[in-house]
Each structure stands twice: as structure tokens, then as C-alpha cells.
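Data block below; observations after.
The values are calculated or read from the model by the stated rules, or taken from the named source; none is laboratory data. Everything numeric here is computed off the predicted structure, so don't read it as measured data. Cβ placement follows ideal geometry from the backbone for every residue including glycine, while neighbour counts extend to all protein chains displayed. When the accessible area is computed, the model is the full protein with side chains, heavy atoms only, and any ligands, DNA or RNA have been set aside. Shrake-Rupley method; radii C 1.70, N 1.55, O 1.52, S 1.80 Å.
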Amino acid sequence: MAETPKKPGGADRSEPITKSYDWGDAIRKVRPVQPISVKKVSPGGNRETPEPSSKPAGTETAEAPADQAKPSTKPTAGRHAKMPPIGQLKGRPLGRILIKMGKLTRTQVGEALDLQKKKHGPIGQLLVELGYVDENDVRIALGAQAGMEPVDLSKFEIPREILALIPTQMANTYRVIPIDYEPAGKLLSIAMDDPSNFQATDDLKTLMGYAIKAYITTPDDLAGALGRFYPEDQPESINDLINEIAGDEDLAKFEGRGESIDLEELKELADSNPVKKLLNLVLLQAIRDKASDIHFEPFEDEFKMRYRIDGVLYEMVPPPRHIAVAIASRIKVMANLNIAERRLPQDGRIELVVQGNPVDLRVSVLPTIFGESVVMRVLDRANVSLSLDRIGMRDQDLAVFRQLIHKPNGIIINTGPTGSGKTTTLYAALNELNDVERKILTAEDPVEYDIDGLVQCQINVDQGMTFAKALRSFLRQDPDVILVGEIRDLETAQIAVQASLTGHLVFTTLHTNDAPSAIARLVDLGLEPFLVTATLEAIVAQRLARRICNNCRDEFQPTEEMLMELGLTPEDVQGRSFMYGRGCDYCNNTGYKGRVGIFEIMAINDPIRELIMQRASSSILRAAARKAGMRSLRENGLMAIYEGLTTLEEIVRETIVEED
């Protein structure tokens, strides 16, 4: 008789082998697009490891039919072939799993449990310290506990068509490798070395659209397989994928179709593997390059992809025009939007975890005359430091700002254009005030970062949840500090004033060019000057200028014309040095890397209050504020230039000439 082939992790037994846990199926049942939240398991394991939700009773299957399509090389359990069927191990205590694996005796497990009562560490770690097992044994056991069968990759060949399902950059970023694929159920089997890395399976489900079945392997095996099959010195480039798409016959048939594409064809486009690979590579590269926005823009004869990095847009190699619909459809599927709706704007979000960092993608879809324009705002927490010490304020300005935010009541306004860092500054201020003695409520549109200890509310105008309605309800919630995302109308301004007058500290934002102009804006909204003087404590205007790259910075002498743009003469800058960036690989040959904050803090004193009551102009208010010690945006920008942090061009672009 022919020998029955072994399944991954299974032994040569007559009894049926229980099917391992299908993470993709669980994701579909729990939440269609959003990643599920699963408690992370430490590498050492513990006595009470959370168990993922299993399939309903009766849905487990036995051996697959012999005629089922499989790759020529199957994953094998290899050195772990003596393990019992995974169904006997899933959800069991770690010690019992290691006993069934033949790695421990009951006496050794009892000794480790006694030691755990004294040291209170994970039992897996204690077993390693006692020398009874090694870390790989614990890792395999933890995988079995989560329903993951072991697989030996050391002598394993994976068909090229399966490797092509996950791009090189994604495989190395998430530390996974594909080992099997079932087209009928869109089931992708992957090997990973961390049984607690559930977020990787969630992200692959979101990015690639597959159901995921995870196997467990050792770090050495995975590193060797990644080195063999996905060498990092030969990464797949966006140009390679664009060339692949240009020659794809299935996508080429949609060229020139315009709006005449039905729903089934849209689903086919969104499920195209070359499109998924291109989009995923674009997303990962944008996150790696610290882009704040990704733009996909259809035009009459071309389709543009652009990143906004450090406030400036950079164009990428454009893909073929006919994949515009496919890209938009794929993004809408990932964001759980309606792919059939192409006439109305839509908004959504995509949640990822890249290299351990949570990344939130806010998606905006806008119908245009040539198709749907899609913009994705990248909110990467790893790039944001919610600390006042790290937002770029000078020591003198920081001392003033700290004094202002610790006032018991009043209104503090942060002003500046979109993308100037207002949200980060306000979050940093709230983060400093966030303690058990204060109740902090926020009304935001949207809520960009969730912070423990803050009660945050999402504004939804379509459902009637406006800033004014939220703020009115806040006053009945007994708050100490309130954040209003933006004052857009008189009603919101009046309630903010009322909150301040009743003993609350209110933070909010406006869109004006500088700090003194914010007062004129409040009066223009219809707020009475006496209410402004009674509640307003300070206005902080800010900008973000690109920072000179530290790797390629060099000194130069500016021309007289360059100085004139800042209202300077050669005599004004005599003895000062100026820096610029030559451009290098680290900064993508731009000469800039990161941004530096430029601030203007206008504290409201009695002379300024008298001028507000007299409805004085912004120029008179500015002169009074500078007399009281305020440094303007232009002055702070010049100081940043003299310190070699940024360039003349950046300060000219970000600040305006002040009126005397």
C-alpha cells in the first residue's frame, strides 16, 4: 500500500489529523476589515495563555482529498514529527503540551510550577532557566497552544508562484514566509517564528485579502528561509511591479473602459494580485519614508502617485492609466467602503501594525471627472512624540507655554494652516496634564491618536454630532480640561467661552496666519470683545520647516538676493554661518530630513486686553505683543537658520514679512 502523506506537524498515525486554526476565518467572523485585538503572548509563555476563538463544533475536517490541488513540495513537520495531533494540544497548559511533546516529565513541570510561585515569571522562561527545554521548544509549544502546527523550513523548497504572493519587502517586514496556497478558498498558509504575532496575520488579511493559516517555525529556520527565498539585497521595486502590471493581459482588457465596469469586474480588479502587490509596496515604502499623505490621482492621460514627505509632495513612477479603477477599488475594499459607489465621496480607515508600530491610514475617496482620487493620511505613532520637550519649542517659549497650560481656567488657541503640527502640540499639552486628578474631554474631527486617560469623542456632522453639541454635553460631564478640535462658528465659540467662564481650561484651534490675527477672527465670528478679554489667555501660532539633513549638511554663503527675501542685508548677518543640505541617499537627495517647529506665543496681558476692547487692528496688537516680549514666527525662523537647523528658503516659504 502507498504510504499516507504526512501533513505539517502531523505524525504517521492512523487516527485523523485535526485541521489547524484558520486565522483568516476568525477575522472574517469577528470583524470584516478591522484587525482583531488579541492579547500578546510573551515568548516564555505563562500558565494562562489567552486562547484564540476556535471554530464552531463540527466544522473541523479530516484529511484533504488526494485529488485536491497542492504544490509539489508540501510543508513537513520535520524535526517535530513526533508531536501529537495539534487538536490534542491546542488550548492546553504549556507544561502539559511539553509533556506530550516528550520534552518534559511531570516531575519537572511540578518543579517549575513551584518555582513560579516564588519568582512569578512565565513558566516557559522558568523551564528554560532550569535547563529542561530550550527556547525553540517553548516557541513550538506556544504555537501548538494557539493551534499552529510546526513546520521545518531548513530543507524546504517553496514554488515560485507561491513566493510571488507576498512581496519581498512585506515578507521581511512582517517576518513571514508563504508555504502553501489553496485558490478555491483563497487560503494562504504562512510560516512565522512568533506565535504571539497575531497582528501580522491580521495585516496580511487586510492588505492581501487572503484567509491566513499560520504555522510555527524557529527563528533560525525562518531567517534562513527568508535569506534563501527573499534576499533583501534583491528587493522587488515599484518599477518592477509597474512593468509587470503593464504586461498583465487581465488588467489590460480594462483599458479605455472608463465608467463601463460592472460590480463583478470591480471585485475582480480589487482582487488582482499585481495590484495588491503594488499597493502594498507603495504603503510600506510610504511608512518607511515617513510620508504623511499618499495621493492616487487620475488624469485624462495618466495616473499619478505622490507622497507628501516633510510637507512637500514628491511624484513616484506613474503606473499605467488603466489601473486607476483597480487601485481605487482595492483601497475601498481594504477600508471597508462601498466599491460600487463611484459618484459620492467616501471616508474610511485602515489599521495596520508595521514592525510593531500601530499605523492608522485615513482614507478619503473623491469622485472627479477622470475617476476617483484617493488620498490616504498616514498616522504613524512611531513618528509622533507626544512630549512638550520634543516638539521643538525653545526653552524660553516652553517655560511660558507650560505656565499657561497649568492655569485653572481660560482659553488657549493654537493657530496655523493645515499640517502645521497643531494637533501634535495640543496632544503634547494634554499628555502633560493627563493625571488621575484631572478629567480631560476632547471633541475631534477626526480622533487622530487615542491616549489613555483622555475621554475622546469623534465629531459626526451627518449624525448631528457637532462641536457645539459635544461641547454643550461636555459641561455636564464634570471636566477639568476640554479640547475642542476647531472653532468653526459662533455657537462653538460661545460655548467655549461659557466653559472657560465656569472654571474650565479650554484648548482649541483656528486657521489664521499668525497669533494676533486669531483675535480678529474671533470678533469676526460674532464674539463680543469683552468675552474675548475675559477668557482668552494665550494664542500659539506655529509652522513646520524642513530640517537640514545631518548626513549631508554643509556651510555656504548666501547671496544678497537671498538675504533680501528675509529683509536682511549683508551687514545684518556678518559673522554668521549658513547651512544647507547637499543631498544624499539618507534624505533621498532632498537635503532635508524631518522638520523643526517654529512658534509664536502671544500671552494676553492687560494692555492687550484694553486694545481688544477698542477693536484694535492686528498690526497694533502685534506691536503690543512684541513689546511684551513675543518673538514672531519670522524671528524664531531666523534663529533656526542661524543655528543651522533649516534654510533661508524654508523660512521664506513658511513665514510672512511683518508689518511695522
Using the Karplus equation 6.51 cos²θ - 1.76 cosθ + 1.60 (θ = phi - 60°), what ³J(HN,Hα) coupling, rounded to whole Hz, does each residue of the range 189-194 give in order, writing x for Gly and Pro? 8, 10, 10, 9, 10, 10
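Between R576 and S473, what is the FRET efficiency for a Förster distance of 60 Å, r being their Cβ-Cβ separation, to the nearest 0.05?
Values: r = 54 Å, r/R0 = 0.89.
Plugging the Cβ-Cβ distance into 1/(1 + (r/R0)^6) gives 0.65.
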I need the calculated FRET efficiency for the pair I369 and E315, taking r as the beta carbon distance and R₀ as 30 Å, to the nearest 0.05. 0.90
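Ranked highest first by average number of other Cβ atoms within 10 Å, how do 483-491, 200-208, 567-575, 341-349 line up?
Numbers: 483-491: 20.3, 200-208: 23.9, 567-575: 10.7, 341-349: 13.8.
Answer by packing, highest mean first, reads 200-208, 483-491, 341-349, 567-575.
Which order, highest average first, do 274-285, 355-366, 609-620 follow once you tally other Cβ atoms within 10 Å for each residue and take the mean per peptide? Don't jump to the answer; show the numbers that get you there.
Values: 274-285: 21.8, 355-366: 16.6, 609-620: 14.9.
My ranking of the peptides, most packed first, is 274-285, 355-366, 609-620.
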Could you work out what % of the accessible surface of the range 343-436 is carbon and sulfur, using a 1.4 angstrom probe and leaving DNA, RNA and ligands out of the count? 50
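Quick check: at a probe of 1.4 Å, how many percent of the accessible area of the range 473-580 sits on carbon and sulfur atoms?
Working: 2050 of 4840 Å².
The computed percentage sits at 42.
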Mind giving me the nanometre distance, one decimal, between the label points for K267 and L525, set 7 Å out from Cα along Cα→Cβ? 4.8
With a cap of 16 neighbouring Cβ atoms within 10 Å, and only residues DSSP puts in a loop, list the trypsin sites (Lys or Arg not before Pro) found in the range 138-185. K155
Neighbour-limited loop hits for chymotrypsin sites (Phe, Trp or Tyr not before Pro), the range 263-368 (at most 15 other Cβ within 10 Å; DSSP other than H, G, I, E, B): F299
